[in-house]
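Comments concern the structure below.
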Amino acid sequence: MTKPQQVYVTYIQTDIDSLWAALTEPDETVNYFFGTKLVSGMKKGDKISFDMEDGNATIQGEVLENTPKSKFAYTFRGNKINDDSDQREPHSRVTYELEETENAVKFTLIHDEFEDENITFASVSGGWPIVLSGLKTYLETGKSLNM
């Protein structure tokens, strides 16, 4: 039986350097990722978190791969998602893939390695479209989506 996964593909009218910076620089993620700041050394094996302004991490994990301007992968465990359960759900994996096209960058987000269609799976199925819309809006207009 195949494990559930979510795959999102969008084309963003920007250059690959700007998209990479938006995905990997702390001062950029606050503009589209629910106001969270990416905190990580960004090397394979480093911890990664997306922290609210008060310093509380909403997502925690570990960097699995960092190939600049091409691919970035990390484990994912949502802290806010699992607050009400006695046992936290296992980590899943998020992978960003970037590919330059003639007039845009093709951005693919794959969220996989879920044990089943658990609380995290359901929550991120509503969250990723908002994040991706915010990312696209931010890079194409310079403005935050503010959702």
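Worth pointing out:
- Residues of region 105-147 that turn out to be under 16 Å from P4 (Cβ atoms) and among the small types (G, A, S), as a count: 5
- Region 34-51, subset in contact with a Leu (Cβ under 9 Å, 6 or more places away or on another chain) and not in a strand (DSSP E or B), residue surrounded by the most Cβ atoms within 10 Å (Cβ to Cβ): K44
- Restricting attention to region 52-78, the residues that are assigned to a strand (DSSP E or B) and at pLDDT below 95 add up to 6.
- Candidates V63, V7 - the one that is among the β-branched types (V, I, T) and over 16 Å from S133 (Cα atoms): V63
- I81 being surrounded by 16 or more Cβ atoms within 10 Å (Cβ to Cβ), at pLDDT below 95 and among the hydrophobic types (A, V, I, L, M, F, W, C): yes
- The sole residue among E89, E117 that is touching a residue at least 24 places away in the same chain (Cβ under 8 Å), assigned to a loop (DSSP other than H, G, I, E, B) and in contact with a Pro (Cβ under 7 Å, 6 or more places away or on another chain) is E117.
- If you go through region 1-33 and pick out every residue that is in contact with a Phe, Trp or Tyr (Cβ under 8 Å, 6 or more places away or on another chain) and either surrounded by fewer than 17 Cβ atoms within 10 Å (Cβ to Cβ) or assigned to a strand (DSSP E or B) (or both), you end up with 9.
The values are calculated or read from the model by the stated rules, or taken from the named source; none is laboratory data. The structure presented is a predicted model; accordingly, all values stated were derived computationally and were not measured. Reconstructed Cβ throughout: ideal geometry from the backbone, glycine too, with neighbour counts over all protein chains shown.
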